[in-house]
Amino acid sequence: MTVEKRARAYGIQPEYEGIGGKMHRPPRATLEKLLDAFGADRLPPLEREPELAAPADALCHVPGEGRYWGIALQLYQLRSARNWGIGDFGDLQAVVRLAAAAGADFVGLNPLHAMFLANPAQCSPFSPSNRRFLNPLYIAVDRVEGFDAAMVDPDALAALRDAELVDYAGVAKAKIAALRRIWDAGAAIPDAFLAEGGPDLRRHACFEALSAHMVAEGHGAGWLSWPERWRDADGEAVRAFAEAEGDEIRFHLWLQYLAAQQLQQTRDLCDRLGMRIGLYLDFAVGEAADGSGSWGSPIVLPDVRIGAPPDYFNEQGQDWGLAPLSPVAMAAERAAPFRSLIEQATRQAGALRIDHAMGLWQLFLMPQGAGAEDGTYARYPLADMLTALAGASRANRTVIIGEDLGNVPPGFREVMEACRILSYRILLFERTEDGFIPPEDYPREALVCLSTHDLPTFRGWWRGDDVTLRAGFGFISPEAAEEQEASRRAERADLLADLTAAGLLTEGEAHQATPDDAPAALIVAVHRHLARAPSRLFAVRLEDLAGELQPVNVPSTVDEYPNWRRKLGLDLAALAETPLYRNVTAALAAERPKDPA
């Protein structure tokens with residue numbers, strides 16, 4: 001049997017169709033390394049290659065009739081007079097109150113997954129340590145029972161608050177120190193919480209305690225950097241550590257309890273204020289290879305990374321540095337590990353966005369030593385994945401949104417629609433040769449928005465700052481940059497023409513919208529324009545409500561740009577009083593009223 005046939009028997013694609021329809025063939029070494037990583041020498045091949053089809057009973061929960069809108073934000077970016085230099089669950093409750101008062105039905109968030117407390121600078125919410133648990137840095141310490149203001153230095157907190165960027169190390173130091181004092185004073189964890197979390201929760205807490213110990217010893221926070229005897233989560237060394245450091249492990253269990261408690265309090269607040277969806281959370285496509293989610297897990301492939309093939313935004317492709325769940329193990333277990341994860345995630349949210357939803361069907365994988373140009377796709381048991389997702393969605397009445405951007409396989413969106421997974425449609429991408437797609441032509445079963453966390457703010461897009469950044473970092477050639485700048489000029493002209501034709505901008509206002517910046521009238525008009533789409537959900541970015549210019553994230557950068565660290569320029573109290581915030585939210589409330597006719 002050829003290596004190509006053998007690879008296909010395990011769901012590994014010996015060729016794939018890239019963006020634009022071009023076919024790509026990965027090197028033979030890629031197929032061989034992926035086969036080795038999948039355990040092809042000891043595990044049987046798939047009974048059959050997964051098909052791109054929707055099971056008849058895989059129907060997700062959808063909201064009632066009407067068109068809903070909400071505010072999407074990065075929780076860490078919030079400023080307030082009371083937080084500790086990072087947005088927290090207390091700030092989130094303030095946003096919920098503002099959003100509900102404006103007529104919104106949901107508040108959308110970046111992933112809240114557990115990170116690496118022992119290395120807080122590792123801050124990308126899309127590269128978590130564990131998707132099952134929460135990031136304790138979002139705990140509002142001043143809302144924890146037993147807190148006393150004397151526990152912290154007010155000058156240190158003021159410095160953290162005033163910093164332009166989130167100082168994750170400083171935040172972690174301040175919060176963990178105060179929380180330890182509360183814990184040492186006799187805080188307790190409800191038995192019901194421990195029972196519900198089970199072995200997975202205890203393992204995560206043990207990982208966090210051991211991770212801190214390893215960092216103190218000069219190692220990294222992730223288990224792949226630890227000495228060999230500590231890499232076995234069930235080994236003798238770890239068992240001895242757990243016995244000796246029981247109080248430290250219980251402290252980390254308590255942190256998870258606090259985070260879960262404050263998140264639930266926020267959901268309860270959404271209900272009391274009449275928000276019909278409430279919290280809209282984000283579910284990352286994978287986990288860091290060396291995090292607690294993969295520690296001791298036989299179904300995670302730490303020597304394989306998830307990424308994306310070359311495309312318009314990055315001609316070299318992308319390496320996301322995430323470890324995938326084994327497609328072979330997922331097929332053998334009828335997607336049981338995914339079912340467990342998604343049941344937990346949907347219990348926390350009124351709506352859940354599945355990052356890179358195509359991962360339900362296939363992921364672009366790169367074995368150790370290979371770059372994105374050498375990667376290929378591997379197939380997952382789509383029918384079982386969809387059945388698990390839909391079952392959790394219905395059980396917890398959670399709306400599911402699938403991020404269907406990038407290299408979307410033909411037929412995948414039809415499968416999403418059949419399963420009532422809402423499509424994720426972004427104005428900046430919804431174009432044909434004739435210009436922007438009119439809002440009235442957007443699908444009903446979708447969430448629509450102007451842009452997202454991986455894209456520029458509207459002001460940044462209008463100015464073309466994203467093209468400048470891509471060119472400056474070498475992600476696109478000078479020739480591609482020139483083409484994209486020319487395209488942006490055409491896009492600006494098309495958008496102005498659409499808004500003027502819709503009666504949302506006067507000729508004078510359109511004339512004032514020079515390439516140098518987007519005036520407030522344009523920002524209000526484009527939001528009102530897109531909000532008229534028939535789609536069920538509309539999300540406005542908090543950055544655009546605040547008139548922000550800089551992006552929160554530049555994909556494919558690590559240290560070159562301060563990703564996931566930028567705060568809003570205004571605190572929440574001041575933001576709510578700005579004309580831009582008031583005018584955009586009033587426009588959305590008018591276009592999508594609570595009681596539609």
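Since every read-out is calculated from the coordinates, none of them should be taken as a lab result. In this text, all values refer to a predicted model and were calculated from it rather than measured experimentally. For neighbour counting, all protein chains shown are included, and Cβ atoms are generated from backbone atoms with ideal geometry for every residue, glycine included.
Given the C-alpha centroids of the range 360-423 and the range 141-174, what is the distance between them in whole angstrom?
With the range 360-423 and the range 141-174 each reduced to a Cα centre, they are spaced 39 Å.
Tabulate in residue order the Karplus-calculated ³J(HN,Hα) for the range 241-253, using 6.51 cos²θ - 1.76 cosθ + 1.60 with θ = phi - 60°, rounded to whole Hz; enter x for Gly and Pro.
4, 4, 5, 6, 10, x, 5, 5, 5, 5, 4, 6, 4
Taking a ≥ b ≥ c as the square roots of the Cα gyration tensor eigenvalues, with a/c under 1.5 meaning rounded and otherwise prolate when a/b beats b/c, else oblate, which class fits the chain?
Since a/c reaches 1.5 but b/c is at least a/b, the shape of the chain is classed as oblate.
Report the label-to-label distance for A188 and K594 in nanometres (one decimal), using points 7 Å from each Cα along the Cα→Cβ vector.
4.0
Please list 3J(HN,Hα) in residue order for the range 452-458, calculated via the Karplus relation 6.51 cos²θ - 1.76 cosθ + 1.60 where θ = phi - 60°; whole Hz, with x for glycine and proline.
Calculated HN-Hα couplings, in order: 9, 4, 8, 10, x, 5, 5 Hz.
Students often check this: by mean Cβ neighbours within 10 Å, which of 282-289, 217-224 ranks highest, and how do the rest follow?
282-289, 217-224
How far is it, in nm, from the label point at E433 to the one at R180 when both lie 7 Å from their Cα along the line to the Cβ?
For the pair E433/R180, the computed spacing is 6.6 nm.
Assuming R0 = 41 Å, what is the FRET efficiency of L165 and A480, from their Cβ-Cβ distance, to the nearest 0.05?
The value I calculate is 0.85.
At what distance in nm do the modelled label points of R334 and A586 sit from each other, each positioned 7 Å from its Cα along Cα→Cβ?
5.6
Counting only residues 5 or more places away or on other chains, whose amide H sits under 5 Å from the amide H of W320 once H atoms are built in the peptide plane?
For W320, the qualifying residues are I306, G307, A308.
Grab the beta carbon distance between A573 and R239, set R0 = 45 Å, and tell me the FRET efficiency rounded to 0.05.
The computed FRET efficiency comes out at 0.35.
Which chymotrypsin sites (Phe, Trp or Tyr not before Pro) does the range 500-597 hold that lie in a coil by DSSP with at most 16 other beta carbons within 10 Å? Before the final figure, lay out each step's value.
Details: sites: F538, W564, Y581; in loops: W564.
Sites meeting the loop and neighbour criteria: none at all.
For the range 459-476, take each phi angle, set θ = phi - 60°, evaluate the Karplus expression 6.51 cos²θ - 1.76 cosθ + 1.60, and give the result in whole Hz per residue in order, putting x for glycine and proline.
Values per residue, Gly and Pro as x: 4, x, 5, 4, 6, x, 4, 5, 5, 4, 5, 4, 5, x, 8, x, 6, 9 Hz.
Counting only DSSP beta bridges with both residues in the range 337-410, tell me the antiparallel percent, nearest 5.
In the range 337-410, DSSP labels about 50 percent of beta bridges as antiparallel.
Using only alpha carbon pairs under 8 Å that are at least six residues apart, calculate the relative contact order of the chain and give it in whole percent. Please list the in-between numbers first.
Details: 1100 pairs, mean separation 118.5, N = 597.
Averaging sequence separation for qualifying contacts and normalising by length gives 20 percent for the chain.
Considering amide H positions built from the backbone, and no H for Pro or chain starts, which residues 5 or more places from R431, or on another chain, come under 5 Å of its amide H?
Here I437 satisfy the definition.
List the aspartates and glutamates whose Cα sits under 18 Å from the Cα of K33, skipping any in the same chain fewer than 8 residues away.
Within the straight-line limit of under 18 Å, K33 reaches these aspartates and glutamates: E4, E15, D41, D303, D319, E373, D374.
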